[in-house]
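Reviewing the structure listed below.
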Amino acid sequence: QLVYPYDFRLTEKEKTSICYLSFPDSYSGGLGDTQFSFRLRQSGGQRTAHYEDDGEYNREAPLTLQRESAHYFGYVYFRQVKDSSMKRGYFQKSLVLVSRLPYVNLFQSLLQLIAPEYFDKLEPCLEAVCNEIDQWPPPVPGQTLNLPVMGVVIQVRIPSRVDKPGSSPVKQFNQENLLPAPLVLPSIHELDLFRCFQPVLIHIQMLWELMLLGEPIVVMAPSPTVSSELVLALTSCLAPLRYCCDYRPYFTIHDSEFKEYTTRTQAPPNIVVGVTNPFFIKTLQHWPHILRVGELKMSGDLPKQVKVKKLTKLKTLDTKPGIYTSYKTFLHKDKTLIKRLLKGIQRKRPSEVQSALLRRHLLELTQSFIIPLEHYIASLMPLQRAITPWKNPPQIRPFRQDDFMKTLEHAGPQLTCVLKGDWLGLYRRFFRSPNFDGWYRQRHKEMTQKLEALHLEAICEANIVAWMKDKSEVEIVDLVLKLREKLVRARCQHLPVKEETLQRVGLYIETVIDSLPEDLQAVLHHH
């Protein structure tokens with residue numbers, strides 16, 4: 001019915017998808033308000049980003065919180081109430097916030113403030129809200145922002161890549177005597193993992209392995225709220241490792257990718273997809289891992305845990321909750337986590353404490369797995385003394401899986417993790433996953449930039465005048481062009497180089513040009 005701000009361009013295909021994704025697609029008897037999220041593939045060409053600081057934000061934000069370039073997130077507030085004046089006897093409407101940022105807590109909290117007002121006062125309310133949001137500062141990693149909207153100030157810290165993983169966000173924000181007292185969000189994006197994973201706590205490790213390997217998973221849930229929370233919880237359980245596969249927190253049969261995901265002519269894609277329509281049990285039964293859950297109820301004791309079942313047990317009509325898979329885990333189960341969570345339940349510990357336990361456990365598991373890879377890839381970097389000013393920097397040595405496997409005997413995950421099992425098998429399988437590919441590319445890019453930076457520093461330390469003594473004009477001109485190109489690249493790619501280093505290289509270039517005959521000087525200055 002309405003898009004705000006007006007000048008925001010969506011393609012027809014995107015509008016249609018957003019419409020279908022903003023409503024529960026299977027009968028939900030529940031009246032009242034519900035919230036959920038979706039993720040949508042952008043259609044049509046690249047649009048210019050609203051912010052020019054995309055690059056800067058993405059360099060400083062954690063990999064898991066980067067602005068998406070090819071997808072939108074949709075955050076939905078859906079209201080369904082009885083209304084006899086409506087043709088169907090119900091008032092049904094959704095307010096959807098669309099963003100490229102995965103700040104699920106911030107945007108859902110924002111909707112809780114705006115949506116009830118909007119359903120009451122309609123368009124003028126959105127106009128007022130958009131005017132306020134326009135004044136918000138851009139998200140800068142590491143900063144705490146105060147965001148005023150509708151007489152409330154939301155206070156939230158934007159995480160940064162240099163935050164220590166697993167450290168809890170700074171509890172005591174600077175209150176600055178704000179009146180009214182701000183609505184402080186402890187985290188911009190972290191879900192209540194304990195609540196999301198309730199029915200599958202005893203299988204958390206299996207789910208972690210499936211996510212690590214980028215396996216295709218279907219989450220079948222009774223509502224978009226449960227499906228989207230569970231999918232987002234799954235994609236977050238590898239942090240600080242980035243989950244590099246596709247994921248759809250909520251997916252309907254009207255989706256433009258429906259055919260692509262349900263075809264049986266090829267293997268299911270590496271994706272986690274959350275669905276609520278029972279029809280999917282039939283169309284996705286060839287997928288290797290199906291997680292079926294019921295409504296999440298927070299109760300005083302450990303909720304009923306689902307069982308792992310064979311895929312053949314998948315009944316089309318009445319599928320009982322369970323994990324339908326033939327997957328055998330590489331690592332043995334960790335009993336201590338469950339014992340600690342049970343103790344927490346008996347002692348009536350708050351959910352956020354239980355979530356912190358769970359998050360810490362997953363973080364330690366991921367770190368045990370990833371640290372040996374980090375050590376090995378660091379060893380592929382050329383030695384600093386091999387970087388000389390007048391030669392191209394040496395290449396990073398290739399990643400050899402067998403060489404890596406040999407390092408595990410004396411520096412493997414067994415040093416930091418109590419879990420026994422087939423770690424080698426897990427690594428071998430991981431090498432075939434998009435998550436390894438994404439991790440390796442990211443690291444390789446960072447190392448290449450580091451090499452470039454070290455090379456520039458080596459050039460700075462060098463005695464350029466001595467080098468020029470026995471060189472021909474051609475060689476000197478060639479050097480000027482190469483140094484210029486390096487300088488441009490360092491600025492464009494924001495290489496980790498001190499500003500003074502760049503300035504010194506700039507001065508070098510001037511010095512070299514000044515030593516040449518005037519006709520060449522003119523050409524190079526013009527160039």
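Any idea how many residues of the stretch 459-492 are of a type outside the set (K, R), under 30 Å from N58 (Cβ atoms) and surrounded by fewer than 17 Cβ atoms within 10 Å (Cβ to Cβ)? Please lay out each step first, then the result.
Of the residues in the stretch 459-492, the ones of a type outside the set (K, R) are 459-468, 470, 472-481, 483, 485, 487-488, 490, 492.
Restricting the remaining residues to those that are under 30 Å from N58 (Cβ atoms) gives 459-460, 483, 485, 487-488, 490, 492.
Add one more test, that the residue is surrounded by fewer than 17 Cβ atoms within 10 Å (Cβ to Cβ), and what stays is 485, 488, 492.
Looking only at that region, the number is 3.
Would you pick out the residues in the stretch 267-290 that are under 16 Å from K313 (Cα atoms), open to solvent by 30 Å² or more (accessible area, probe 1.4 Å) and not in a loop (DSSP other than H, G, I, E, B)?
If the condition is that a residue be under 16 Å from K313 (Cα atoms), open to solvent by 30 Å² or more (accessible area, probe 1.4 Å) and not in a loop (DSSP other than H, G, I, E, B), then K282 is the only one that fits.
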Hits in the stretch 12-34 - residues which are open to solvent by 40 Å² or more (accessible area, probe 1.4 Å) and modelled with pLDDT of 85 or more = E12, K13, K15, T16, C19, Y20, F23, D33, T34
message = Can you tell me which condition Y250 does not meet? The list is (1) over 18 Å from the mean Cα position of the chain (by Cα); (2) under 19 Å from W287 (Cα atoms), and all the others hold.
response = (1)
inquiry  = Tell me the residue from Y427, Y440, Y508 that is assigned to a helix (DSSP H, G or I), modelled with pLDDT under 80 and at negative phi, please.
reply    = Y508
inquiry  = Can you report the number of residues in the stretch 470-484 which are of a type outside the set (G, A, S) and farther than 15 Å from P389 by Cβ?
reply    = 6
message = Please go through the stretch 180-194 and give me each residue that is open to solvent by 10 Å² or more (accessible area, probe 1.4 Å) and within 23 Å of L419 (Cβ to Cβ), ordered by number.
response = F194
task = Those residues that are open to solvent by 30 Å² or more (accessible area, probe 1.4 Å), touching an Asp or Glu at 6+ places or on another chain (Cβ under 7 Å) and in a strand (DSSP E or B), I need them from the stretch 119-156; list them, please.
result = P148
ask   = Between residues in the stretch 53-77 that are under 27 Å from I114 (Cβ atoms) and of a type in the set (A, V, I, L, M, F, W, C) and residues that are in a helix (DSSP H, G or I) and modelled with pLDDT of 90 or more, which pairs lie under 8 Å by C-beta distance while being six or more apart or on different chains?
value = F73/V104; F73/F107; V76/L21; V76/L111; V76/P224
ask   = Counting just the residues of the stretch 344-376 that are more than 20 Å from C196 (Cβ to Cβ) and among the charged types (D, E, K, R), which one comes out surrounded by the fewest Cβ atoms within 10 Å (Cβ to Cβ)?
value = R347
task = Identify all residues within the stretch 244-254 that are part of a loop (DSSP other than H, G, I, E, B) and open to solvent by 20 Å² or more (accessible area, probe 1.4 Å); write none if there are none.
result = C244, I253, H254
Enumeration of residues in the stretch 195-223 that are in a helix (DSSP H, G or I), open to solvent by 10 Å² or more (accessible area, probe 1.4 Å) and either touching an Asp or Glu at 6+ places or on another chain (Cβ under 8 Å) or under 23 Å from G74 (Cβ atoms) (or both) = R195, Q205
message = So if I check each of L479, L483, L502, which one is more than 16 Å from L454 (Cα to Cα) and part of a helix (DSSP H, G or I)?
response = L479
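Could you say whether any residue in the stretch 357-375 is in a helix (DSSP H, G or I) and either without any contact (Cβ under 8 Å) to a residue 12 or more places away in the chain or farther than 24 Å from K333 by Cβ (or both)?
Taking every residue of the stretch 357-375 in turn, at least one turns out to be in a helix (DSSP H, G or I) and either without any contact (Cβ under 8 Å) to a residue 12 or more places away in the chain or farther than 24 Å from K333 by Cβ (or both).
Results for (1) closer than 30 Å to V272 by Cα; (2) crowded, with 17+ Cβ neighbours inside 10 Å; (3) touching a Cys at 6+ places or on another chain (Cβ under 7 Å), shown as yes or no for each residue.
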residue: S379; (1), (2), (3): no, no, no
residue: N392; (1), (2), (3): no, no, no
residue: R400; (1), (2), (3): yes, no, no
residue: D403; (1), (2), (3): no, no, no
residue: G412; (1), (2), (3): yes, yes, no
residue: T416; (1), (2), (3): yes, no, no
residue: L424; (1), (2), (3): yes, no, no
residue: R429; (1), (2), (3): yes, yes, no
residue: R432; (1), (2), (3): yes, no, no
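The values are calculated or read from the model by the stated rules, or taken from the named source; none is laboratory data. Small disclaimer: the values here were computed from a predicted structure and weren't measured. No Cβ is skipped: glycine too gets one built from the backbone with ideal geometry, and neighbour counts run over all protein chains shown. Side chains are part of the model used for accessible areas, which takes the heavy atoms of the whole protein and leaves out ligands, DNA and RNA. Shrake-Rupley method; radii C 1.70, N 1.55, O 1.52, S 1.80 Å.
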